[in-house]
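Reading through the structure tokens given below for one structure.
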Amino acid sequence: MKEPLLHFIKTMLSSLRDLAPIAIVIAFFQIFIIKQPIPNMDELVVGSIFVVLGLTFFIYGLEMGLFPIGESMAFAFAQKGSVFWMLFFAFCLGFGTTVAEPALIAVSQKAARIAAEGGVIEASDLAIKEYARGLKYTVAFSVGLAALIGVLRIIKGWPLQWIIMGGYILVVLMTSIAPKEIIGIAYDSGGVTTSTITVPLMTALGVGLASSIKGRNPMLDGFGLIALASLTPIIFVMAYGMLY
């Protein structure tokens, strides 16, 4: 009982240390540049406490649950020796975690409302919901595909840099022909996709798989899934904008 409590306290102190620079920057500009008192100080303090607690529980939960389960399932599939089921699991994991990403849900809804206001789509609730849903599932499919390609790369031992370079060449070519309204959303979608849920599970999957395959180095082969998950949404969202 004492060890988990001590670990939790250390995690909380680490969260405080990570958030301290943000607090210092905000306080500096508020006091010395804006030169105004901080509004709603009591609410700010309570909110900051919730942020620290939330970040602490999140990191603690990752270490206890998400990282171990991702690594153990990757190891189990590798031991089973079925490439098909390993690839299918990777796709489903990438798709499922992305659909649940809070950042992607928020950005897709915001993008749909802005598209309606700009006349890109019909300014109705149905059209906005359909556009946001289509954008979210397009990104989710692309991340699932990225996970599949990443796992296949680890199994086959393909060099990551050639896949990344080829992908970004395609991004540049598509940027020149994609509708201007979708380009910014496409580029941002890669960032919002790799967030709180996707990153831990994808990282655990890659490291666990590389650790369980003979001849693979977890440091060299286990990472890179997040890079692919950031790249493929740009391509697919631009394609979505061309076809919508």
Quick check on region 204-217. Is at least one of its residues assigned to a helix (DSSP H, G or I), open to solvent by 20 Å² or more (accessible area, probe 1.4 Å) and farther than 19 Å from residue 83 by Cβ? no
Return the residues of region 135-181 that are in contact with a Pro (Cβ under 6 Å, 6 or more places away or on another chain) and of a type in the set (S, T, N, Q); say none if nothing qualifies. 142
Of all the residues that make up region 159-191, how many are touching a residue at least 12 places away in the same chain (Cβ under 8 Å) and open to solvent by 30 Å² or more (accessible area, probe 1.4 Å)? 14
Yes or no: residue 149 under 21 Å from residue 235 (Cβ atoms), buried (at least 19 other Cβ atoms within 10 Å of the Cβ) and β-branched (Val, Ile, Thr)? yes
How about region 92-115: which of its residues are assigned to a helix (DSSP H, G or I) and surrounded by fewer than 19 Cβ atoms within 10 Å (Cβ to Cβ)? 92, 96, 99, 102, 103, 105, 106, 109, 110, 113, 114
From the set of residues in region 116-146 that are open to solvent by 30 Å² or more (accessible area, probe 1.4 Å), touching a residue at least 40 places away in the same chain (Cβ under 8 Å) and in a helix (DSSP H, G or I), which is nearest to residue 97 (Cα to Cα)? 141
Within the bounds of region 3-10, is there any residue that is touching a residue at least 24 places away in the same chain (Cβ under 8 Å) and either in a loop (DSSP other than H, G, I, E, B) or not β-branched (Val, Ile, Thr) (or both)? yes
Run down 210, 140, 147 and say which single residue is touching an Asp or Glu at 6+ places or on another chain (Cβ under 6 Å) and closer than 20 Å to residue 88 by Cβ. 210
Subset tally (residues that are touching a residue at least 12 places away in the same chain (Cβ under 8 Å), farther than 17 Å from residue 198 by Cα and hydrophobic (A, V, I, L, M, F, W, C)) for region 72-94: 5
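The values are calculated or read from the model by the stated rules, or taken from the named source; none is laboratory data. Because the structure is predicted, anything quoted here is derived from the model rather than measured. So basically every Cβ, Gly included, is an ideal-geometry build from the backbone, and we count neighbours across all protein chains shown. Note: accessible area is taken over every heavy atom of the protein model, side chains too, but ligands, DNA and RNA are not part of it. Shrake-Rupley method; radii C 1.70, N 1.55, O 1.52, S 1.80 Å.
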